[in-house]
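A short worksheet on the structure shown next.
Readers should treat all values here as calculations from the given coordinates under stated rules, not as data from a laboratory. If you're wondering where the values come from, they're calculated on a predicted model, not measured in any experiment. Methodologically, a virtual Cβ is constructed for each residue, glycine included, from the backbone with ideal geometry; neighbour enumeration extends over all protein chains shown.
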Amino acid sequence: MNELIETIVGAIQDKKGKDIVSLDLSGFDGAICSQFVVCNADSTTQVVAIADGIEEAVREKLGQNVWRVEGTQTGLWVAMDYLDVVVHIFTTELRNYYKLEELWADAPMKRYDYEL
């Protein structure tokens, strides 16, 4: 799973996604997955580009297809389900509104700085 998260984070960084974090949900009973990866972008176009970049990178590097993708029609919030890992790509405004990380405040969090 670490390789999947690394590939996802790298693809987000390639498309200039912002404030990338992963949340470890493996210690929570009833969690829908083991990990969340969360990021944001300043436009709906960039949100969709990040989702496309993740899908392409994971398929090329790991041979794994996304199980389900929701939200590409509007580009406001895209959720990508890789079964054990769910990726949330928000517009900056929506991320600030929903504060997903605060809902899982007890989950161990890792921040990823942007790599030049």
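Net charge dipole, the chain: roughly 180 debye, given to the nearest 20, about the Cα centre with Cβ charges of +1 for Lys and Arg and -1 for Asp and Glu. Once Lys and Arg get +1 and Asp and Glu get -1 on their Cβ, which of Ser43, Ala79, Ile89 lies farthest toward the positive end of the dipole of region 2-102? Checked the options; the winner is Ser43. Full extension of the chain between Ala105 and Asp14 gives 30.0 nm of extra length, using 0.36 nm per residue less the Cα-Cα distance.
One quarter of the convex hull surface built on the alpha carbon atoms of the chain amounts to 6.7 nm², the projected area averaged over directions. Here is how the number arises for the chain: DSSP H runs of 4 or more residues each give -39500 (n - 2.57), the sum is divided by the residue count, and the result at 222 nm is -11000 deg cm²/dmol. Please find the FRET efficiency linking Tyr98 to Lys61, where r is the Cβ-Cβ separation and R0 is fixed at 25 Å, and quote it to the nearest 0.05. In this case the efficiency is close to 0.25. Arranged from fewest to most other beta-carbon atoms within 10 Å of their beta carbon, Arg59, Arg95 become Arg59, Arg95.
The ranking of Trp104, Trp77, Trp67 from fewest to most other beta carbons within 10 Å of each one's beta carbon is Trp67, Trp104, Trp77.
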